[in-house]
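Below is one structure, written out as structure tokens, with a few remarks after it.
The values are calculated or read from the model by the stated rules, or taken from the named source; none is laboratory data. The structure presented is a predicted model; accordingly, all values stated were derived computationally and were not measured. A quick note on method: Cβ atoms are made from the backbone with ideal geometry, for glycine too, and the neighbour counts reach across all protein chains shown. In case anyone asks, the SASA skips ligands and DNA or RNA and just uses the protein heavy atoms, side chains included. Shrake-Rupley method; radii C 1.70, N 1.55, O 1.52, S 1.80 Å.
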Amino acid sequence: MILKHYSVKINNLIQNEKVHYQIIVTNVNNPSDTKTTMNRYSELKDFHEQLIKNINLLKLQLQLPEFPKRSLFSKTNKNQEKIIQRQQELELYFNQLFSIDKILSLPPVQSYLPIETPLNQQMKINVSIESYTVYDDVVIYSMRFKNRITKEEWIYKQRYSEIKNIHDALVDQGYKGKLPPFPTRKLFGQTNENPETIEKRREDLEVYLNAIFSTQEIYDNEIIQFLISDSKKYFETNKKQEEQKKVQI
């Protein structure tokens, strides 16, 4: 089930013989909550390429919609029919893009969303890994995030490998010497076969996460802001799905 958060409408405007696209993003749950951004096609293409870099950096298993291609034989801004066609293609692209829940947590996307305040404001995060579940030989850790300032809490479930992807992305951005040690894999045997080993890893992951959240430079990094945003969206999506199931019963 896909829960749609935003809808996108795109208009075009020609200024100094250059086509600008007006991107209007609306919160479907609150239609008065909108944000408008003006971009040229080249800027939008840069945005798409930045998304690809972010997805590769975080090792996310996501398939992006196809970005509208350039015209091969003539300039789009000289042809009204082609301008309208590109406008429609861009509108389709953005609506497809914003229907992917995890995409909404990436920093390039958030610049287009009607979000009131940056995520790294008014937040001091503590993480407790309260439990784990072994499902199909995979250990899923249940993490409770708590904002010490607002007292807001939410649950996020992740595998060891998904948490390690965050660590690896920070290392790739040059934070290796500033990061706490990441819990290592077992050299022999599987962690999910031994409850004591799973419990030790749970404790180590909790220590690691709280260490990076307590280091301001790391906390302010876009990778950690993605983690916070994605964890909250995960919780909100699951909460809505549970509410819908109750209504259907």
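Considering only residues in segment 138-171 that are open to solvent by less than 30 Å² (accessible area, probe 1.4 Å), in contact with a Ser or Thr (Cβ under 8 Å, 6 or more places away or on another chain) and aliphatic (A, V, I, L, M), the one that is farthest from Glu222 (Cα to Cα) turns out to be Val139.
Condition check for His48 on (1) without any contact (Cβ under 8 Å) to a residue 60 or more places away in the chain; (2) open to solvent by 60 Å² or more (accessible area, probe 1.4 Å): one failure, at (2).
At least 2 residues being within 18 Å of the chain's Cα centre (by Cα) and on the phi < 0 side of the Ramachandran plot is the threshold, and among the strands (runs of 3 or more DSSP E) wholly inside segment 1-48 those reaching it are 6-15, 18-27. Any residue that is more than 22 Å from Thr237 (Cα to Cα), part of a loop (DSSP other than H, G, I, E, B) and of a type in the set (Phe, Trp, Tyr) - is there at least one of those in segment 57-67? Checked segment 57-67: at least one residue is more than 22 Å from Thr237 (Cα to Cα), part of a loop (DSSP other than H, G, I, E, B) and of a type in the set (Phe, Trp, Tyr).
Residues that are within 18 Å of the chain's Cα centre (by Cα), at pLDDT below 90, in a helix (DSSP H, G or I) and not charged (D, E, K, R) occur at least once in segment 235-247. Looking across segment 177-218, the residues that are assigned to a helix (DSSP H, G or I), among the hydroxyl-bearing types (Ser, Thr, Tyr) and either more than 28 Å from the chain's Cα centre (by Cα) or at pLDDT below 90 (or both) come down to Thr191, Thr197.
Listed here are the residues, each with its yes/no results for (1) small (Gly, Ala, Ser); (2) over 19 Å from Ile103 (Cα atoms); (3) open to solvent by 20 Å² or more (accessible area, probe 1.4 Å).
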site	(1), (2), (3)
Glu206	no, yes, yes
Asn210	no, yes, yes
Gln216	no, yes, yes
Asn221	no, no, no
Ile224	no, no, no
Leu227	no, no, no
Lys232	no, no, yes
Phe235	no, no, yes
Lys245	no, yes, yes
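Within segment 150-171, being part of a strand (DSSP E or B) and aliphatic (A, V, I, L, M) holds for one residue alone: Ile155.
For segment 90-105, filtering for residues that are part of a loop (DSSP other than H, G, I, E, B) and among the polar types (S, T, N, Q) leaves 1.
Would segment 95-110 turn up any residue that is open to solvent by 50 Å² or more (accessible area, probe 1.4 Å), in contact (Cβ under 8 Å) with a residue 40 or more places away in the chain and farther than 16 Å from Ile10 by Cβ? Taking every residue of segment 95-110 in turn, at least one turns out to be open to solvent by 50 Å² or more (accessible area, probe 1.4 Å), in contact (Cβ under 8 Å) with a residue 40 or more places away in the chain and farther than 16 Å from Ile10 by Cβ.
Do we find that Leu92 is at pLDDT 95 or above and over 18 Å from Tyr21 (Cα atoms) in this structure? Here the answer is no, as Leu92 does not meet what is asked.
Scanning segment 68-88 for residues that are assigned to a helix (DSSP H, G or I) and surrounded by 14 or more Cβ atoms within 10 Å (Cβ to Cβ), we see that the one that is modelled with the lowest pLDDT is Thr76.
Within segment 1-45, restricting attention to residues that are among the acidic types (Asp, Glu) and at pLDDT below 95, the residue that is surrounded by the fewest Cβ atoms within 10 Å (Cβ to Cβ) is Glu17.
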